[in-house]
Amino acid sequence: MQAFCVRTERRKACQVMTVIPAVLSWQVLMLVMLSVSKGDVRKLIIFSQPRTGSTYLCELLSRYPNIIMHGEIFNPVQSRQRTEDGLLIPSRMVDLRRISPHLYLDWLWASYNNTGNSVGFKIFPSHLRRGQVIRELLRRNTDAKKIVLYRSDLLAAFTSNSIAYATGYWVRKNSSDNSIKINYGNFKRYETETLNWYGDIVSILNSSGQKYFIIEYAKDLLHGNETRRMLDNLELFLNIPYADILNRTRNYSVKQSQVPLRNQIMNWNLLGNDILKYNTRYYTLFEMLNSSS
């Protein structure tokens with residue numbers, strides 16, 4: 001059963017930041033100010049990490065009528081000229097992504113005003129600085145629906161990400177030829193960064209009374225029946241009608257290997273219990289956040 005935060009969500013009107021960075025030209029400000037107006041666009045933000053099923057989740061959401069998912073809009077290595085649905089991004093807006101994310105979001109949200117659409121994207125910790133995520137995504141967009149997507153098997157997520165970076169192969173390859181040695185220190189840094197990332201998000205959402213929907217990769221995205229059950233609850237959370245989206249043809253790239261994890265890790269037998277513990281059972285998000293010593 002999916003549960004979302006029991007606190008009452010406080011909705012606030014979207015406001016344009018009053019302190020504007022000096023590097024922004026008056027033309028940029030005019031473009032943002034002219035585009036920002038009250039409308040019926042429904043906002044959706046997915047807080048996640050790489051290799052947690054975020055591409056699949058965005059693809060599922062995109063199958064719903066009137067939901068438009070824009071993927072990694074703040075990915076610093078991606079230079080976008082158009083949105084996922086073909087909307088031309090003004091060059092000045094492209095420059096705003098890193099300088100003033102809230103202004104870029106104001107423009108994006110406003111581009112869909114009066115369309116009746118829900119518009120969303122996903123954010124990883126590497127996309128923006130911690131302060132920008134807290135200030136401009138969590139505190140300034142309290143009217144946005146929040147999804148927290150995580151993978152309780154941190155070892156599997158870390159291994160998948162490590163293999164992808166080492167090989168440059170980001171889609172599924174069902175072979176143990178791409179096995180890798182896990183560095184203890186690197187994993188522990190990854191564990192700390194991951195728990196801090198989710199801990200910050202959950203803490204701010206709870207303290208500000210914002211509702212959020214929790215999705216776990218293995219529990220909610222791997223099996224059709226469980227995915228359907230999760231979607232039933234997600235539809236209630238997003239206030240959207242039921243849609244038989246699981247029976248549609250899949251056109252996304254499956255990224256996760258089906259090779260047993262121990263066959264993907266060359267030094268499996270040398271790993272300590274504090275690493276292997278994540279692979280022993282399913283952790284709820286709150287158990288995971290309290291699991292580090």
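Only the coordinates and a few stated rules stand behind these numbers; no lab work does. In this text, all values refer to a predicted model and were calculated from it rather than measured experimentally. Here Cβ is always computed from backbone atoms with ideal geometry, including for glycine, and neighbour counts include all displayed protein chains.
Taking the range 60-135 on its own, what percent of its Cα-Cα pair distances exceed 18 Å?
Values: 1095 of 2850 pairs.
So the portion of pairs separated by more than 18 Å is 38 percent.
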Rounded to whole angstroms and listed largest first, the alpha-carbon spread of the range 122-233 along its three principal axes comes to 47, 36, 21
Which order do the peptides 155-165, 277-287, 58-68, 237-247 take when ranked by the mean count of other beta-carbon atoms within 10 Å per residue, highest first?
155-165, 58-68, 277-287, 237-247
Which whole-Hz ³J(HN,Hα) couplings does the range 198-203 yield from phi under the Karplus relation 6.51 cos²θ - 1.76 cosθ + 1.60, θ = phi - 60°, glycine and proline marked x?
6, x, 4, 4, 5, 4
Kindly write out, for the range 236-241 in residue order, the coupling ³J(HN,Hα) from the Karplus curve 6.51 cos²θ - 1.76 cosθ + 1.60 (θ = phi - 60°), rounded to whole Hz, with x marking Gly and Pro.
5, 5, 7, 6, 10, x
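For a quick check of your reading of the filter: which trypsin sites (Lys or Arg not before Pro) in the range 86-179 sit in a DSSP loop and have no more than 15 other Cβ atoms within 10 Å? Could the numbers behind the result be given before it?
Working: sites: Arg92, Arg97, Arg98, Lys122, Arg129, Arg130, Arg135, Arg139, Arg140, Lys145, Lys146, Arg151, Arg172, Lys173; in loops: Arg129, Arg140, Arg151, Arg172, Lys173.
Loop-located and lightly packed - Arg129, Arg172.
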